[in-house]
Amino acid sequence: QVQLVESGGGLVQPEGSLRLSCAASGSIFRISAMRWYRQAPGKQRELVAVIAGGDSTHYKDSVKGRFTIFRDNANNTVYLQMNSLKPEDTAVYLCNADVQTTAWRLVRGYWGQGTQVTVSS
């Protein structure tokens, strides 16, 4: 089984910064794409950033220039550096990863439990 555990959320003032981490553990042969989603109360879950296996990245327009996704492949961890935070960034942030547990198994998506980010003065 594979587990994703997020950390790093919290309360921050507008224009502040936070760094989220998501560590994958368990039976892992290879991780390809890793993603950060967020979900605010009463809103649909939305993709914030994705980093592919080859380290190419893609961001939601509203976070471009403020958020950076990067990964540590040796430790199966993905990060989201969030700068210049705004109140509209307030949400539960969830990690998602495409994991292959053995060489002969298909890739499957796994989710973390989420970490709360609150931007408020």
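The values are calculated or read from the model by the stated rules, or taken from the named source; none is laboratory data. Predicted, not measured: the structure shown is a model, and the values here were computed from it. Cβ coordinates were reconstructed from backbone atoms using ideal geometry, including for glycine residues, and neighbour counts include every protein chain displayed. Note: areas computed on protein heavy atoms with side chains; ligands, DNA, RNA excluded. Shrake-Rupley method; radii C 1.70, N 1.55, O 1.52, S 1.80 Å.
Which shape class, rounded, prolate or oblate, goes with the stretch 54-121 when its Cα gyration tensor gives a ≥ b ≥ c as root eigenvalues, a/c under 1.5 marks rounded, and past that a/b bigger than b/c marks prolate?
Taking the square roots of the gyration eigenvalues as a ≥ b ≥ c, the stretch 54-121 is prolate.
Wrap a convex hull around the Cα atoms of the stretch 46-86, take a quarter of its surface area, and give that in square nanometres.
Directional mean of the projected Cα hull area for the stretch 46-86 stands at 3.2 nm².
Leaving out ligands and nucleic acids, and using a 1.4 Å probe, what accessible area per residue does the chain come to in Å²?
It amounts to 54 Å² per residue over the chain.
Take K64, project a point 7 Å from its Cα along the Cβ direction, then tell me which residues of the stretch 6-40 have their backbone nitrogen under 19 Å from it.
Hits in the stretch 6-40 for K64 at 19 Å: 36-38.
Need the full-extension length gain, E15 to S120, defined as separation in residues times 0.36 nm minus the C-alpha distance. One decimal, nm.
36.8 nm
Over what distance in Å are the Cα centres of the stretch 1-40 and the stretch 60-102 separated?
The two parts, judged by their Cα centres, are 6 Å apart.
Round to a whole number: what % of the accessible area of the chain belongs to carbon and sulfur, probe 1.4 Å?
It is 48 percent, rounded to a whole number.
Just to be sure I understand: with springs between alpha-carbon atoms less than 10 Å apart, which residue in A40, A74, A103 has the highest mean-square fluctuation in the Gaussian network model of the chain?
The residue that fluctuates most here is A74.
Taking just the alpha carbons, could you work out the radius of gyration and Dmax for the chain, both in angstroms?
Radius of gyration, then largest Cα-Cα span, for the chain: 14.2, 50 Å.
Would you list W111, W104, W36 from the most to the least accessible area, probe 1.4 Å?
Ranked from most to least accessible, the order is W104, W111, W36.
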